[in-house]
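No lab work stands behind these numbers, since they all come straight from the coordinates. The model shown is predicted, which means the values in this text are computed figures rather than measured ones. Here Cβ is always computed from backbone atoms with ideal geometry, including for glycine, and neighbour counts include all displayed protein chains.
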Amino acid sequence: MMFHMMWKIFMGYDGVVTAMNMPNDNARIEPRKQPKQKRSIKRVESILTSAELLLARHGFSHLRMTDIAAEAGVPVGSVYQFFPQKAAVLRAILDQRLGAMMQDIASRLTDIRDENDARMRLMDLIDHVAQLHRDNPVCREMWIALSTDPDLEILQYKAQQDIGTLTLTRLGPFAGGRDGAAKQNRFMLAAILTGSVFRCVALGHERAGAMLDEWKSAVCTMLFQQA
């Protein structure tokens with residue numbers, strides 16, 4: 001039942017696997033250039049920090065390049081110098097957050113002793129990330145952005161691939177079944193469906209807490225069952 005529910009969430013209301021939508025125009029989410037000088041690096045950091053503040057304050061739908069510039073205290077031309085539109089700003093924020101999350105996952109899944117320890121580490125990790133989604137409104141707005149922009153959405157799928165690969169590396173030795181495609185697929189599916197649960201948490205779904213508890217048990221069964 002839980003797997004069926006999560007699969008419906010992943011498929012979306014129209015029955016299409018949303019994570020598999022192909023990007024339309026990568027250029028619109030790519031930075032125009034990378035900052036190299038110290039002053040430029042600080043300016044880009046200020047732009048991204050300001051964008052996050054505005055996301056938390058006003059939401060994705062109200063995010064404007066002019067407002068980002070005003071919040072950062074820079075001319076709007078400075079924002080466009082690095083980012084062609086707000087989708088590129090959001091992509092940069094997503095990249096930063098993914099990098100931090102990957103480091104956090106690697107740190108939390110280090111020096112695992114045995115299968116029981118692996119289960120506990122995984123459940124603790126899920127609880128930790130879920131709490132971040134509850135506490136930080138930027139997470140909610142990023143999920144909204146990902147669900148409405150196909151070019152950003154494909155990055156979500158790539159991020160889930162990376163997370164699935166990392167967790168396979170750290171937890172795979174303690175997971176059930178032989179190494180191979182089947183185990184890889186289970187870890188990939190676990191990453192995708194866990195992301196769907198986090199999305200429910202971030203969006204404040206009324207049953208998010210219950211689904212989170214159910215999913216922690218279900219994902220451990222999925223990954224650590226003996227095949």
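Where the Cα atoms of region 31-83 are projected onto their three principal axes, how long is each span, largest first, in whole Å?
31, 17, 15
Taking neighbour Cβ counts within 10 Å as the exposure measure, how do Phe187, Phe174 sort from fewest upward?
Ascending Cβ contact count within 10 Å gives the list Phe174, Phe187.
Per the Kirkwood definition applied to all pairs of different Cα atoms, how many angstroms is the hydrodynamic radius of the chain?
Value: 18.8 Å, from the Cα pair sum.
Of Leu122, Leu98, how do they rank once you tally other Cβ atoms within 10 Å and put the fewest first?
Sorted ascending by nearby Cβ count, the order is Leu98, Leu122.
Which of these, Val74, Val138, Val129, has the largest mean-square fluctuation under a Gaussian network model of the chain (Cα springs below 10 Å)?
Maximum among the listed residues: Val74.
Just tell me which lysines come within less than 17 Å, Cα to Cα, of Lys42; anything on the same chain fewer than 8 places away is out.
Within reach: Lys33.
What ranking do Phe83, Phe224 get, fewest neighbouring Cβ atoms within 10 angstrom at the top?
Ascending Cβ contact count within 10 Å gives the list Phe224, Phe83.
Return the subset of Lys158/Lys183; Lys36/Lys86; Lys183/Lys216 for which the Cα-Cα distance in this structure is over 24 Å, preserving the input order.
In this structure, no pair lies more than 24 Å apart at Cα.
If I stretch the segment between Thr169 and Ala56 completely, what's the gain in nm (0.36 nm per residue apart, minus their alpha carbon distance), one decimal?
Gain on stretching Thr169 to Ala56: 37.3 nm.
Please report Rg (one decimal) and Dmax (integer) in Å for the Cα set of region 134-193.
Rg and Dmax of region 134-193, Cα atoms, are 14.1, 40 Å.
Just to be sure I understand: with springs between alpha-carbon atoms less than 10 Å apart, which residue in Gly172, Gly164, Gly209 has the highest mean-square fluctuation in the Gaussian network model of the chain?
So, out of Gly172, Gly164, Gly209, the one fluctuating most is Gly209.
Whole angstrom only: what separates the Cα centroid of region 139-158 from the Cα centroid of region 69-108?
The two parts, judged by their Cα centres, are 14 Å apart.
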